[in-house]
DNA sequence: CATCGATTTGAAGATTTCTGCAAGTGCTAA
DNA sequence: TTAGCACTTGCAGAAATCTTCAAATCGATG
């Protein structure tokens, strides 16, 4: 199987591996937003947000265009929203498993 | 909204952001496998594979158990397979968009 | 008990990613 | 054309991640 394929998949996921980038994508699920609004919602420095937007742009997950004085961002494909949804599901599954394990550990005595 | 939630989501995706880890998860989709087999399939050093398996374990995406002389690994939840599938879909969407863009660029003349 | 195959752990150096600051570009309005 | 938002870019230092080597563990076997 093609090695670069795994590389591409890994890069895709790595692109999502940052809290600010995740937030941006979630905010864009409901439609395009100007940087100004993202900035107001996320609590990060403007230059930092811009860097993260550049990462998302390079990965092809968002597109941007200028609207008068504002720069607007939008998801490049609605599939991105699906991926986020899948992520939420897994997170739920993994966290419950983990909690279940924790409970089990607690129940089996304090030591060993 | 809770800040740690975005953190958790980002960590989940970051866990997938490595070619070896992606391959491991894909190989485990069809059922548990011993490290020995993963090693034969992936072409990476044993200690490196072990490090990556540890990352997946800490993230709660796989579980392991010993079977005689071998250590077996398995997906901790089938939801993981869904996430990989979603990733494949997006990758397809993003790459076609990108190719379409490339084609467009090519069609519009060799220079700018 | 000494060893061997299978796997994990620890640690260090190399590489990548993150963050914030200073400076720069693009538009709009006075 | 000067001024002022709205963003982006270039960087440098800090922090996190990767990769590999050497050493340690765990079972099974001679």
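The values are calculated or read from the model by the stated rules, or taken from the named source; none is laboratory data. Fair warning: this is a prediction, and the values are worked out from it, not measured in the lab. All Cβ positions, even for glycine, are placed from backbone atoms using ideal geometry, and neighbour counts span all protein chains on display.
Annotations
- Any hit, region B:40-51, residues being near DNA strand C (Cβ under 8 Å from one of its atoms), out of contact with any helix residue (DSSP H, G or I) (no Cβ under 8 Å at 6 or more places or on another chain), away from chain A (no Cβ under 12 Å) and under 21 Å from residue A:11 (Cβ atoms): yes
- Criterion violated by residue B:47 - all others in (1) over 27 Å from residue A:92 (Cα atoms); (2) at pLDDT below 95 satisfied: (2)
- Among the residues of region B:11-22, those that are within 7 Å of chain A (Cβ to nearest Cβ) and assigned to a helix (DSSP H, G or I) comprise B:12, B:13, B:14, B:16, B:19, B:22.
- Within this structure, residue B:8 passes the test of being within 14 Å of DNA strand D (Cβ to nearest atom), at the interface with chain A (Cβ under 10 Å from one of its Cβ atoms), within 20 Å of residue A:98 (Cα to Cα) and surrounded by fewer than 19 Cβ atoms within 10 Å (Cβ to Cβ).
- Residue B:73 more than 13 Å from residue A:97 (Cβ to Cβ), without any contact (Cβ under 8 Å) to a residue 60 or more places away in the chain and more than 8 Å from DNA strand C (Cβ to nearest atom): no
- Look at (1) part of a helix (DSSP H, G or I); (2) within 14 Å of chain B (Cβ to nearest Cβ) and you find that residue A:74 fails only one, number (1).
- Selection status of residue B:25, more than 9 Å from DNA strand C (Cβ to nearest atom), at pLDDT 95 or above, part of a helix (DSSP H, G or I) and closer than 18 Å to residue A:98 by Cβ: yes
- Residues located in region A:52-61, provided they are surrounded by 13 or more Cβ atoms within 10 Å (Cβ to Cβ) and within 15 Å of DNA strand C (Cβ to nearest atom): A:52, A:53, A:55, A:56, A:57, A:59, A:61
- Scanning region B:77-112 for residues that are more than 7 Å from chain A (Cβ to nearest Cβ) and at pLDDT 90 or above turns up B:78, B:81, B:84, B:85, B:88.
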